[in-house]
Amino acid sequence: MELRFSFVVPVYNRPEELDELLESIRRQEFGKPFEVVIVEDGSSRDAGEVVHKYAPHLDIRYFKKPNTGPGDSRNYGMQRASGDYFLLVDSDCILPDDYLATLQATLEQNPADCFGGRDAADPSFNALQKAISYTMTAPLTTGGLRGGSGKQANFQPRSFNMGLSRRAFEASGGFGNIHPGEDPDLSLRLSRNGFKILFIPEAIVYHKRRIDFRSFFRQVYKFGLARPILNRWHPGSARPTYWFPTLFSLGLLSALALPFFLPTPLGILPLAGYLLYFLGVWFGAWATTRNFRASLLAVPALLVQFAGYGWGFFKSTILLTFSKQKPESLFPGLFFNN
């Protein structure tokens, strides 16, 4: 089965990141033709020079458009791409040399309309990037699906490592205007309409995430805001585990307060349980990264992740439940007007 792949990459003010991504695409150990479609999403710092640098080495096309968000930019790129499969990666990703070969081998044996793999930290990443990568992917923190474990039935590909057949794109219309959340929204729509979704654990991207704790909190807070909206749009998609960061955060606050109201040792038992969990996170991060500083940063990264997502999820759930307004009115910052 002959497959033709088209990478589709939205870019917003990140030419340096795109340089690293394109270099990893240039190094692909893949003997068949493929193309790269770059969509500049209204950037003030465009990536034209970077694209020109790789033009002799890649079949690359470059488009500029006003800022309408990453989902619409991916749609824009897919409408102009020529492949049978569109490979969606973010500009802050680096691909291993066998990425395309892995997808080709898998899809030849097990065709799918929508697919994705896991994300990991490259050894070159700094300690904070490794810590955040661990807390976002580990079984002890998120259930592990993004890191390579978990149940296939619950898999919703993320647009930093996602593939879409032309047939699925044309039937679905691609991504909606919510962000973040546009990728699980598309996955759920495709699944509801009978398209096959496949988890390919061997298809890894190294997701660099150039962020600090403050920007990480804002990012996961928006993830938390978006999930109840998706649950409303897609009845039956809600999972009890989505409540875990909220309950974890409230439980930690209660555990910190309990020793002031109950005599020891009873008052410190919940806090001791949390401390054991944090010890497990620290050890898991060290065993995964072999980086002592990354393992120390993993616990604060976990606290930021759970606090941000948990607060966003709780706030969104309450407002959607008791307000008569539409999500677009309640959370205008999550929606692009395309």
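The values are calculated or read from the model by the stated rules, or taken from the named source; none is laboratory data. Treat the numbers as computed from the prediction; the structure is a model and nothing was measured. Don't worry about glycine lacking a Cβ; one is built from the backbone with ideal geometry, like all the others, and counts go over all protein chains shown.
Annotations for the structure displayed:
- Subset of segment 22-67 [among the polar types (S, T, N, Q) and within 18 Å of Phe5 (Cβ to Cβ)]: Ser24, Gln28
- Residue check, Tyr99 crowded, with 22+ Cβ neighbours inside 10 Å, among the aromatic types (Phe, Trp, Tyr) and on the phi < 0 side of the Ramachandran plot: yes
- Taking the listed residues Ile229, Ile200, the one that is touching a Ser or Thr at 6+ places or on another chain (Cβ under 8 Å), assigned by TED's automatic domain parsing to the domain that holds Glu16 and surrounded by 15 or more Cβ atoms within 10 Å (Cβ to Cβ) is Ile200, with no other qualifying.
- Within segment 89-126, being assigned to a loop (DSSP other than H, G, I, E, B), among the hydrophobic types (A, V, I, L, M, F, W, C) and more than 19 Å from Ser6 (Cβ to Cβ) holds for Ala121, Phe125.
Let's see how each residue does on (1) crowded, with 22+ Cβ neighbours inside 10 Å; (2) at pLDDT below 95:
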residue: Met78; (1), (2): no, no
residue: Glu108; (1), (2): no, yes
residue: Ala112; (1), (2): no, no
residue: Thr135; (1), (2): yes, no
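- Answer residue from segment 33-49, given it is of a type in the set (D, E, K, R) and out of contact with any strand residue (DSSP E or B) (no Cβ under 8 Å at 6 or more places or on another chain) and is modelled with the lowest pLDDT among those: Arg45
- Only a single criterion out of (1) part of a strand (DSSP E or B); (2) touching a Lys or Arg at 6+ places or on another chain (Cβ under 7 Å) is not satisfied by Tyr62, namely (2).
- Residues of segment 204-258 that turn out to be part of a loop (DSSP other than H, G, I, E, B), among the basic types (Lys, Arg) and farther than 20 Å from Ala294 by Cα, as a count: 1
- Counted residues, segment 14-28 - those being surrounded by fewer than 16 Cβ atoms within 10 Å (Cβ to Cβ) and either modelled with pLDDT under 95 or assigned to a strand (DSSP E or B) (or both): 1
- Among the conditions (1) touching a Pro at 6+ places or on another chain (Cβ under 8 Å); (2) charged (D, E, K, R); (3) surrounded by fewer than 23 Cβ atoms within 10 Å (Cβ to Cβ), Arg74 misses just one, which is (3).
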